[in-house]
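Beneath this line is the structure, given in C-alpha cells, with notes to follow.
Where a number appears in this text, it was derived from the coordinates with a stated rule and is not lab data. From a predicted model like this one, the values you see are computed outputs, not experimental measurements. Ideal geometry is used to build each Cβ from the backbone, glycine not excepted, and the neighbour counts take in all protein chains shown.
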Amino acid sequence: MNSDAHIKTLQIKETLSEYKDRLHGVGISNGLLGLSLFHYYHFKYSQQEQDIASALEILEECIEKLDDHYSSYTTKTDIIELGLYIQFLFDSDILDVDENLLSELDEIILEITSEQIEKKNIHNITGALSGGTYFLKRQSFEKRTEILLKILSIIEQKAIKKNDHQVYWEVDFRKKNNTELNLNHGIAGVLSFLIKLYNNNIEKEKCKELILKGINFILAQKKVHEMNWFPQFAFENEFLEHHNLSYGDIGIGYIITKAGESIQNDNFYKQGLEILENCANYRDDSQQYIKDANLIYGASGLSSFFNVLYQKYNKGSFKAAYTYWHHKVMEFGSTDSQWAGYRSHFNNDHDFVHLSFAQGILGIGISLLSNAVNDSGSFLSFLKYDIQ
C-alpha cells in the first residue's frame, strides 16, 4: 500500500472509532458487522492482534443486540448476514463455530426463507435465494437439502419458456415483477444461485439445463453498444451509460463467466470474459455517473472487482481498470467531509450510510486494505459476488 492509501485507511479507522454509535443495525451492508469486517481486514494488513479482538468483540455485541426487540430497516437481511459472516470467519480460521448459536440462527433463517418461498420471491437480496445461500454453507444442518430443493422447485415453477433453448424469470422488486438482467435484482441473480446449487452437487443435471437456457436467454439480449452491451430490462432497448457492481454489465459478465467455468462451457467462458473486458474499458473522468467512492455504486467496488479479475485472469485491461478506479477512490477522499474526506452521494441524509460497508467508508477502507494484501476479494461475497 502506498503512503497516501495507508494514511487514508488510518483516517478511516479513526473516523469509524469516533462515529461507531451512528451504526444502529447489526448487518454487514449497513451496520456493525461491517465494522467487524473492517477490523478483520485491518488485521490482515497490520497483523495487530487487537484488530481481531475488536472484530470478535463487535460480533458478540451484534449477537446480543438480536433479541425480540431488535428492529432495523433490514431486520431479516441483517440476520442472514450475521449467519453468513459467522461462516466467513469460520472459513477464515478466525472463529470456532458455535453449533448452539448456529442452530438457533438456522431455525430463524429457515423461517425467513420459508416465508419467501411461500411468496415465490426469488430476488437475490430480499428473496429466498439469500437464505438459500446461507444454507448452502451449512453442511451440517439436517434440513439443508430439503430447503434448497424447495427453492429450486420455485425457480423451476417460475421459469418462463421463450423457446426450446431459452428460459427467463420475472423477479419481484419493490412489489413489481420485472425482467431486469442484472445480478442484484434480476435474472443473473437467479442464475447465480443455480450455479451455486450445481457446484454443491444439488440436482446437477436439472440445474445445468436451467443454467444453459438462462444464459442463452441473456446472451440473446446482447447488442454491442459503446458502453453496455445488455439492456437493463429484457425485451427493451434501454441501455445504461455506466457500470457499477449493482447495475450495468459487470454482474452479467461475471455470471456468464462463472457459468462457463462451472459447467465447463467454453463459449460462455469466453463470452463472459469478453463482456468483462468491455466493462474494464469504462472511464468516468467527469464523475457523471460514478459520483463517490463507495462499493456498490462507486469507485472502490470497481477497483476491487477488477483487481480480483486481474489476479485471476492476468489480463492487462483488468489491471488498467483497477489502477484507474483506485486513483479515483483516492481523489474522492480529498474533501473536507467529516467522514474521512469521503461523502456518499446516494441516501446521504443518513449518517450510517456514510459509514456503512455497502455505501460508505467501511467498504472503502476494506477495499483499500484488501487490495494492499492481494486478498482474493472474498469480502465481495457480501455483495453477491460469491461464486467460488
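With charges set only on the Cβ (+1 for Lys and Arg, -1 for Asp and Glu), what does the dipole of the chain come to about its Cα centre, in debye to the nearest 20? Please report the intermediate quantities before stating the final value.
Details: 37 positive and 53 negative charges, 314 e Å.
Roughly 1500 debye, rounded to the nearest 20.
Give the Rg (one decimal place) followed by the Dmax (whole number) of the range 301-388, computed from C-alpha coordinates and expressed in Å.
Every Cα atom of the range 301-388 included, Rg and Dmax give 13.5, 40 Å.
With just the Cα atoms defining each centre, how far is the range 308-378 from the range 108-152? Give it in Å.
Between the Cα centre of the range 308-378 and that of the range 108-152, the gap is 31 Å.
So what are the ³J(HN,Hα) numbers for the range 99-113, from phi and the Karplus equation (6.51, -1.76, 1.60; θ = phi - 60°), rounded to whole Hz, Gly and Pro as x?
Going residue by residue, I get 5, 5, 5, 5, 5, 5, 5, 3, 5, 5, 5, 4, 5, 4, 5 Hz, with x marking Gly and Pro.
What is the ratio of the Cα radius of gyration of the range 104-146 to 2.2 N^0.38 Å, where N is its residue count, to two decimals?
1.05
Where does the charge balance sit around Gly377 when Lys and Arg score +1, Asp and Glu -1, over other residues with C-beta under 12 Å from its C-beta? Provide the component values of the computation, followed by the final result.
Details: positive: Lys312; negative: Asp375, Asp386.
That sum, taken over residues with Cβ under 12 Å, equals -1.
Residue by residue through the range 67-81, which ³J(HN,Hα) values in whole Hz follow from phi under the Karplus form 6.51 cos²θ - 1.76 cosθ + 1.60 (θ = phi - 60°), with glycine and proline marked x?
Rounded to whole hertz, the list is 10, 5, 9, 5, 8, 8, 4, 9, 4, 5, 5, 4, 5, 5, 5.
When a/c reaches 1.5 or more, the comparison of a/b and b/c decides; with that in mind, is the range 159-282 rounded, prolate or oblate per its Cα gyration tensor? All intermediate terms of the calculation are to be shown ahead of the outcome.
Working: a/c = 1.67, a/b = 1.23, b/c = 1.35.
The shape class here is oblate.
When Lys and Arg each count +1 and Asp and Glu each count -1, what net charge do the other residues less than 11 Å away from Gly251, Cβ to Cβ, add up to?
Net charge around Gly251: 0.
Amide H neighbours of Val167 under 5 Å, at least 5 residues apart or on other chains, H built in the peptide plane: list them.
Distant-sequence amide H within range of Val167: Lys162, Gly214, Phe217.
Please report, in cubic angstrom per residue, the volume enclosed by the convex hull of the alpha-carbon atoms of the range 57-204. Let's see the in-between values first.
Details: hull volume 18.6 nm³, N = 148.
Each residue corresponds to 125 Å³ of Cα convex hull volume.
Binned at 10 Å from 0, what are the whole-percent values of the Cα-Cα distance distribution for the chain, short to long?
5, 24, 33, 27, 10, 1
Find out how many positive minus negative residues lie around Glu49, taking Lys and Arg as positive, Asp and Glu as negative, among other residues whose Cβ is under 15 Å from that of Glu49.
Working: positive: Lys44; negative: Asp51, Glu57, Asp93.
Result for the local shell: -2.
Give the average over all directions of the projected area of the C-alpha convex hull of the range 207-345, one decimal, in nm².
Numbers: hull surface 35.9 nm².
One quarter of the hull surface, i.e. the mean projection, equals 9.0 nm².
Per DSSP H run of n ≥ 4, the term is -39500 (n - 2.57); total these for the chain, divide by its residue number, and report the mean residue ellipticity at 222 nm rounded to 500 deg cm²/dmol. Working shown, then result.
On the way: 15 runs with 219 residues, N = 388.
The helix-only estimate for the chain comes to -18500 deg cm²/dmol at 222 nm.
Between Asn2 and Gln287, what is the label-to-label distance in nm when each label sits 7 Å out along the Cα-to-Cβ direction?
1.9
Let me have the relative contact order for the chain, percent, based on Cα pairs under 8 Å that are six or more residues apart.
Details: 606 pairs, mean separation 65.2, N = 388.
For the chain, the relative contact order is 17 percent.
With every atom except the alpha carbons ignored, what do you get for Rg and Dmax of the range 316-358, in angstroms?
12.7, 39
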